[in-house]
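Before any comments, here is the structure.
The values are calculated or read from the model by the stated rules, or taken from the named source; none is laboratory data. Here the structure is a predicted model, which means the values were calculated and not measured. Reconstructed Cβ throughout: ideal geometry from the backbone, glycine too, with neighbour counts over all protein chains shown.
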Amino acid sequence: MTTTTVHSLPDRWTRPVGSTGLTITAVTVGGSPLGDVEPAAEGVATARATLESEIRALDTSNGYSDGESERRIGRALAELGGKPEDFLVVTKVDPRGGDYSGARVLASIAESRERLGLDELPLVHLHDPEFHDFDAITAPGGAVDTLVRLRDEGKVRAIGLAGGDSHVMARYLELGVFDVLLTHSRWSLLDRSAGGIIASALDRGMAVFNAAVYGAGILADQRVARYGYRPARPELVAAAEAMRAVCERHGTDLRTAALQFSTRDPRFTSTIVGMSHPGRVAATVASASVELPTELWPELEALVPPRAVWLDS
């Protein structure tokens, strides 16, 4: 069995977010689970553990748990006496019911500021637009137009595009107005659906964030047979089991390899990992920092499932 050695933080732990003037760490804590964990104090404690850790970024959204994720992050910020100067809080605009209008974008941002207790929201993403009408969202005065105007007026520093379906995300990238792409579940040890949109974003000079690198469960916990928020196809389950065995043979675990598959990729400015318990923060920093054997990666690559079972096949 090959042993692994823990080192200090990896090179380029802090990186520029494209040309926005913002900086972020190689790992960002994802706030999606924070609003659901009980008791509520556990979610607040997780946010606070992040604020006091080597990770200097937290990603949330107006719509996560109907705003509860932002509220708990806001409580953690208040307990700490305010946001640390070197810390980046990222949020996303969300519709209310079927309303994803320009007016709704303004309301979403106002709600997020109040919940978080922050006057400035430096990076705001358009969230999950694939579930809404493209023509309506991109119309003059619509959601995209409003975000661009807010950036132009200096009311937000940068705007991003955060979503899943890579075919739909490609249409939004063609607008040429976003600073950051956030893709989830579609560039991992098991799925490479996002290859095209990642290349397109980089060609445009955008920063790329990679989220849900555990596939929402299967690459982190062998008891979870789900990938991309849906039941995992048999080919994905078999590949994950085979990859788990390879990792064990090399003295590591699949969760660590799944994380570093993303963090070691120079195309990604940050890798977003959802957390709901304070202990996961330090454990994730350790996973990102451990040295893995170079021979592990080609063995894992040989086990990637066929394109036909990827999310956006």
* What single numbered condition from (1) at negative phi; (2) in contact with a helix residue (DSSP H, G or I) (Cβ under 8 Å, 6 or more places away or on another chain); (3) surrounded by fewer than 19 Cβ atoms within 10 Å (Cβ to Cβ) fails to hold for Asn210? -> (3)
* Determine, yes or no, whether Glu54 is among the acidic types (Asp, Glu), in contact with a Lys or Arg (Cβ under 9 Å, 6 or more places away or on another chain) and surrounded by fewer than 20 Cβ atoms within 10 Å (Cβ to Cβ). => no
* Residues in segment 266-313 that are modelled with pLDDT under 95 and over 27 Å from Ile24 (Cβ atoms): how many? -> 1
* Asked: Residues Ala232, Ala283, Ala257, Ala302: which one is more than 30 Å from Ala41 (Cβ to Cβ), surrounded by fewer than 20 Cβ atoms within 10 Å (Cβ to Cβ) and hydrophobic (A, V, I, L, M, F, W, C)?
  -> Ala302
* Which residues, taken from segment 216-244, are free of Cβ contacts under 8 Å to residues at least 60 places away in the same chain, in contact with a Leu (Cβ under 6 Å, 6 or more places away or on another chain) and part of a loop (DSSP other than H, G, I, E, B)? -> Leu219
* Identify the residue in segment 26-46 that is touching a Pro at 6+ places or on another chain (Cβ under 9 Å) and not β-branched (Val, Ile, Thr) and, among all such residues, is surrounded by the fewest Cβ atoms within 10 Å (Cβ to Cβ). => Glu42
